[in-house]
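Worksheet: the structure to be examined is printed underneath.
The values are calculated or read from the model by the stated rules, or taken from the named source; none is laboratory data. Predicted model only: the values in this text are computed from it and were never measured. Here the Cβ positions follow ideal geometry from the backbone for every residue, glycine too, while neighbour counts run over all protein chains shown. We work out accessible area using only protein heavy atoms, side chains counted, and drop any ligands, DNA or RNA first. Shrake-Rupley method; radii C 1.70, N 1.55, O 1.52, S 1.80 Å.
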Amino acid sequence: MALRDIIEIDREKCNGCGNCQAACAEGALALDAEGKAILVREIYCDGLGACLDVCPTGALKVVKKEGVPYNPAQTFQHVLKERGAAAAEKVHKEPLPCGCPGSLAKELPRSEAPATAGAASELSSWPIQLKLASPHAPYFNEADLLVAADCTAFSLGSFHASLLKGKKLVIACPKLDETDGYAEKLAEIIGNNTIYSLTVVIMGVPCCAGLYQLVKKAVELSGQQIHIRKVVIGLDGSIK
């Protein structure tokens, strides 16, 4: 047994909609005889929380607890048996370096269109890593705030022009960073400053959903009423 992230279900809040079951590529969730969501087996849950966004009642959350580790190989066989080969292809058979399906190696075809040379940087503050950023930095006051997953700027060629321009930036990786204290720091940035707008940019892979959840928690902790705009970047560089 080891301390790990795993899904927890509040049966009182669960309305049996089944959205989480459909959203879980690993087949870790199902509905029981009472029409409530249950965890099928701990080894099928990767703890990345791709199911959180689709729950309309807030019945799901990711918690740290003692449990058996996620098992990619057994999860693959489970999905293959229950959902077929097409669904099983989304689950890697062997353990990945970070345990994340989104890190599966892919070759992405690119167009032959010439790249724009000398595009201007729109970065207007430093540092940008959330762990290093100070909530009291003056540039956060009266600012539009952009919280971006590390990989997004490399996947979206127009990141600077289409998303960063005019905004103050902090970046984080919800999977590889030690995120303890991140929500609290973001809450300080939001609560101690006048933030005109808040945009979260994530990749369209399961582990990135955690950054959006982290920002939602930060807004709640800050006590501010602020809309969160979520932008999802596909592995092909498209904006979803």
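So the values come out like this:
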{"read-out": "Cα-only Debye scattering, the chain: base-10 log of I(q)/I(0) at q = 0.16, 0.18 Å⁻¹", "value": "-1.21, -1.38"}
{"read-out": "Helix 72-83 axis, angle to the chain major axis (alpha carbon atoms, nearest 10°)", "value": "70"}
{"read-out": "Accessible area in square angstrom per residue, region 162-212, 1.4 angstrom probe", "value": "38"}
{"read-out": "In region 1-63, the trypsin sites (Lys or Arg not before Pro) that fall in loop regions by DSSP, at most 12 other Cβ within 10 Å", "value": "11"}
{"read-out": "FRET efficiency, residue 82 to residue 197 (Cβ-Cβ, R0 45 Å, nearest 0.05)", "value": "0.60"}
{"read-out": "Nearest-ten-degree value, helix 182-192 long axis tilted from longest Cα axis of the chain", "value": "40"}
{"read-out": "Apportionment of accessible area to carbon and sulfur, region 114-216, percent (1.4 Å)", "value": "56"}
{"read-out": "Segment residue 39-residue 89, length gained on full extension (0.36 nm per residue, minus Cα span)", "value": "15.9 nm"}
{"read-out": "Local electrostatic count, residue 59, Cβ distance below 14 Å [Lys/Arg +1, Asp/Glu -1]", "value": "-2"}
{"read-out": "Share of carbon and sulfur in the accessible heavy-atom surface of region 15-61 [1.4 Å probe, %]", "value": "50"}
{"read-out": "Check: the chain dipole with +1 on Lys, Arg Cβ and -1 on Asp, Glu Cβ, in debye", "value": "240"}
